[in-house]
Amino acid sequence: MGADESPPDLELARRLVAEQFPRWADLPVREVELSGWDNRTYRLGDELSVRLPRSRYYREQVAKEQLWLPILAPQLPLPIPQPVARGRPGLGYPHEWSVYRWIQGSPVRLDLIEDPVSFAQAVAEFLVALRACEATDGPLPGQHNFWRGAPFEVYADEAHRSLGELRDLGELSPAETRSANAILAEAVASTWPGPPVWFHGDVAYGNLLVRDGRLAAVIDFGCSGAGDPACDLVLAWTLLPRTARPVYAQTLGLDHDTWARARGWALWKALITVVGQRENNSIAAEEARRVIREVLTDPVH
């Protein structure tokens, strides 16, 4: 986030709604369970939500979601966010923002899932349907999604720097370092061979909603785009237990090279998270260490 920017807060959201959408001015604006990182989300009344980019680095996501979500929604097997209105800069806040329909559900946790294997299949079926959507004019990797969907070499230097730092700190053994280097090398060695396809870009805990133990909706398409879908496979290591990974891979129907890039992508994200959070967020750092162990020991495909 830029030094000249402060993240939007609850009071700003309330004031923006009242100024720009008077018909909703009397509705309460409330915190939600997971407000998000790229954007801050608040509930507006019972039927709506407000979503504001946290800084200029995420502002391009507003126009993308406003344009593409209504096009994608009819083609997908589960609810996704539905734009209702588009806010403009105001009250010192410099970015466009969105109002969406509220979607019922809780951010996924393993203890909320009735059957992890069925859950894995449902996520994979959603991603297969998303991949089948027409992507000819879709948004290619760029600043709007931090180059998700691009060749893995975009992330390679940062991954190697973080790997070296953790090795020097004694967080990784020589054998683990060699394995990690081999995973990164294999990820760099291949690229998506076909035309760009739609991907979500952030298939993570907070963006999968469950209700009654089952997958109910997929939210937050800020990192979506058209390109290599390998980044959408990381759920295999970040959330799914090993017993659910085979059906995830089988349902997705992607080749060994795509899984190799996904493994590299998951390792990159976990490495930079440990480096970035080890001093100030021990919970996030420990979870990333767990993901590193999973990535190093289970290729999935």
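Counting Lys and Arg as +1 and Asp and Glu as -1, what is the net charge of the other residues whose Cβ lies under 13 Å from the Cβ of PRO229? Can you show the working numbers first?
Working: positive: ARG131, ARG148, ARG261; negative: ASP202, ASP228, ASP232, ASP255, ASP257.
Residues near PRO229 contribute -2 overall.
What does the net charge come to around ALA132 if you take all other residues with beta carbon closer than 14 Å to its beta carbon, with K and R at +1 and D and E at -1?
Values: positive: ARG131; negative: GLU125, GLU134, ASP232.
Cβ neighbours under 14 Å give a net charge of -2.
Using the alpha-carbon atoms, what tilt in degrees (0 to 90, nearest 10) does helix 60-72 show relative to the longest principal axis of the chain?
Approximately 90 degrees, to the nearest 10.
All other residues with a Cβ under 12 Å from the Cβ of TRP268 taken together, and with Lys, Arg as +1 and Asp, Glu as -1, what is their net charge?
Value of the local net charge: +2.
Please give me, ordered by residue number, the trypsin sites (Lys or Arg not before Pro) of the stretch 34-137 that lie in loop per DSSP and have at most 13 other Cβ atoms within 10 Å.
ARG109
For the stretch 1-100, what is Rg from Cα atoms divided by 2.2 N^0.38 Å, rounded to two decimals?
Working: Rg = 13.3 Å, N = 100, 2.2 N^0.38 = 12.7 Å.
Here the Cα radius of gyration is 1.05 times the empirical estimate.
Treat each spin label as a single point 7 Å out from the Cα along the C-beta direction, and report the ASP9 to HIS160 distance in nm.
4.4 nm
Ignoring solvent entirely, what values of log10 I(q)/I(0) come out of the Debye formula for the stretch 168-301 at 0.16 Å⁻¹ when each Cα is a single scatterer?
Normalising to I(0) and taking log10 leaves -0.88.
Kindly express, to the nearest 10 degrees and within the range 0 to 90, the angle between helix 153-168's C-alpha long axis and the longest C-alpha principal axis of the chain.
Once rounded, the angle reads 70 degrees.
In whole Å, how far is the Cα centre of the stretch 104-179 from that of the stretch 239-289?
Comparing the Cα centres of the stretch 104-179 and the stretch 239-289, I get a distance of 6 Å.
Okay, helix-only estimate at 222 nm for the chain: each DSSP H run of n ≥ 4 adds -39500 (n - 2.57), divide by all residues, round to 500 deg cm²/dmol; what do you get? Please report the intermediate quantities before stating the final value.
Values: 9 runs with 121 residues, N = 301.
When only DSSP H runs of four or more count, the value is -13000 deg cm²/dmol.
If you scale each eigenvalue of the Cα gyration tensor by 5 and take the root, what three semi-axes come out for the chain, rounded to whole angstrom and sorted largest first?
Details: eigenvalues 209, 97, 71 Å².
They are 32, 22, 19 Å, listed from largest to smallest.
In whole Å, what three semi-axes, largest first, describe the equivalent ellipsoid of the stretch 66-156 built from its Cα gyration tensor (square root of 5 times each eigenvalue)?
On the way: eigenvalues 138, 90, 51 Å².
After diagonalising the Cα gyration tensor, the semi-axes are 26, 21, 16 Å.
All of the numbers you see were taken from the coordinates with simple rules; none came from a lab. The model shown is predicted, which means the values in this text are computed figures rather than measured ones. Don't worry about glycine lacking a Cβ; one is built from the backbone with ideal geometry, like all the others, and counts go over all protein chains shown.
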